[in-house]
Structures are given as structure tokens and as C-alpha cells.
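Undergrad: Here it is, the structure, as C-alpha cells.
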């Protein structure tokens with residue numbers, strides 16, 4: 001058994017303090033939060049992590065940016081857990097505290113608006129939404145499947161359904177975890193394989209940049225906030241600020257607007273990644 005530092009025995013007050021429960025982390029106050037791709041109704045949903053995130057944050061505006069419920073999974077594969085119920089109840093509590101909640105349907109729940117209202121109450125529902133940030137940027141909020149190219153996986157999903165979709169998510173998760181951080185040897189067969197795999201995965205889960213910029217220009221927006229690809233991202237596409245809030249199946253990410261309009265991509269529970277000043 002190790003010795004106490006300095007051979008000093010803690011007094012009773014210190015011993016009592018050490019037995020006290022840890023204090024709850026302070027709630028983070030934000031102007032707006034964007035979260036998407038919960039896929040409630042599936043075992044893939046990271047509901048416990050999402051619940052912890054929601055309980056640790058407050059916002060004036062909460063945007064549910066599509067694929068909140070997985071309508072494609074209705075039937076024998078439907079899976080609902082107590083943690084998913086707790087997520088629904090937490091969002092109800094946000095409404096009772098006065099948070100404005102806006103639901104933007106995704107490809108998995110575009111026909112399930114009534115179910116969304118049944119679960120979350122009379123939230124606003126819009127096919128897309130134009131949000132003005134505190135620093136006066138006009139942001140198009142949209143799920144993102146509208147940007148799919150003809151060869152995009154979404155078209156493939158519509159043919160093979162939820163089984164193919166789940167398989168693609170597993171491939172994408174494996175790629176992100178085990179390949180994307182490696183350094184393929186130049187000229188090696190392994191390097192070539194990895195580069196081809198990267199290209200194939202990105203073709204299935206990414207948007208063509210031209211479609212994003214076209215969507216922004218249609219709505220005279222300074223930027224686009226979306227989900228759908230399950231790949232959190234923040235970058236400039238020409239003059240357009242592109243922000244993807246990720247998902248709660250793999251990445252456990254959200255987009256946050258601070259009081260002054262600054263946009264931060266947050267990976268729960270890791271620290272935030274800051275969008276560079278001057279972007280957009």
C-alpha cells in the first residue's frame with residue numbers, strides 16, 4: 001500500500017470532503033445548437049451520450065436537422081431504449097423552458113412529421129430554414145440529402161434499404177477509425193488500396209461542392225448547415241461557409257452558436273473545434 005504524500009494523514013474534514021459526490025459540470029449557455037442524425041428507433045443511436053450533451057447545454061434555439069427518427073427502420077428491426085425515451089423527455093423540458101425548437105426533416109424521417117410532433121410536441125417543422133446569426137450571417141439550415149448527386153449512396157440506400165445503409169455506416173466507421181489517421185506508404189499496394197477506399201467512401205457519403213454552393217446561392221445564404229453524411233466538417237467552399245454537424249451514431253457531434261455569433265463544432269465530450277475567425 002502506497003504512503004500518503006509527505007507522511008501526512010488527512011484530517012476528518014478532508015476525509016469527509018473526499019467522500020462528497022463530484023459537483024455537476026456547469027451548464028453551457030449558447031444562442032443556438034444544431035444536432036442531427038440521432039436515428040432514434042435503432043440500436044445505433046448513441047442516446048446516452050446525446051442525453052448527457054443535452055443536459056449540459058442550454059440554448060435559445062435548438063435545430064433538429066433531420067434523421068431524428070429512423071423511419072426506414074420501422075417494423076421488426078425497430079429498437080427503442082430507455083435512454084431514447086430520456087432524450088425525448090429532455091427535449092420536451094427544453095420546450096417548457098422556452099427554447100425555440102425547429103425540426104428540418106431528413107431522408108429517414110421526411111414522411112414522419114406527425115410522429116415527430118407526437119414525440120416532441122408542437123415543434124416548428126420546415127423543409128429548410130434560414131437562420132440569421134448574431135453576427136449577421138445568413139445560414140441555410142437543411143438536412144443535406146437534397147445535395148446528393150446521382151451516384152450518391154442515398155440513391156443506393158433507396159434500393160437496398162436499411163441493411164445496405166447499416167453496412168455503409170460500418171464501413172465508414174471502420175475507415176474513420178482505422179484508416180484515416182494512418183500514413184500509407186508512398187507507392188505501396190497498401191497505400192493505393194487505402195487511397196481507393198478513401199475515394200469510394202467519400203463518393204458515397206460526401207456531397208459535390210457545386211451542389212452545396214448552388215443551394216446556398218439559391219437562398220442568398222452566406223453558408224450552409226447540414227447533417228446527413230455522418231461526417232462532421234467545417235470548411236470554406238469558395239465564399240460559402242460549409243458546416244456539417246455530424247451525427248449521434250458515430251461521431252457524437254453538434255454545432256454551437258455562441259452569443260456573439262461564433263460557430264463552434266463540438267465533439268462530445270472532447271473540447272470544441274473553433275471555426276476560424278473571418279470565415280464566411
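Undergrad: Sorted by average packing, counted as other Cβ atoms within 10 angstrom per residue and highest first, what order do 220-226, 260-266 take?
TA: Numbers: 220-226: 22.3, 260-266: 17.7.
Ranked from most to least packed, the peptides come out as 220-226, 260-266.
Undergrad: So if each residue of separation counts as 0.36 nm, and I subtract the Cα-Cα distance between residue 135 and residue 74, what length gain in nm does that give?
TA: 17.8 nm
Undergrad: Would you mind ranking 251, 93 by Cβ crowding within 10 Å, fewest neighbours first? Don't skip to the answer; put the middle values down first.
TA: Numbers: 251 20, 93 11.
Least crowded to most crowded, the residues run 93, 251.
Undergrad: Starting from 0.36 nm per residue, how many nanometres of slack lie between residue 100 and residue 210 once their C-alpha separation is accounted for? Don't skip to the answer; put the middle values down first.
TA: Details: separation 110, 0.36 × 110 = 39.60 nm, distance 3.18 nm.
Gain on stretching residue 100 to residue 210: 36.4 nm.
Undergrad: Ok, one more. Most exposed first by the Cβ proxy, i.e. fewest other Cβ within 10 Å, how do 145, 108, 131 rank? Could you put the intermediate results ahead of the total?
TA: Numbers: 145 21, 108 27, 131 18.
Fewest-to-most Cβ neighbours within 10 Å comes out as 131, 145, 108.
Since every read-out is calculated from the coordinates, none of them should be taken as a lab result. Not measured: the values here are computed from a predicted model. Reconstructed Cβ throughout: ideal geometry from the backbone, glycine too, with neighbour counts over all protein chains shown.
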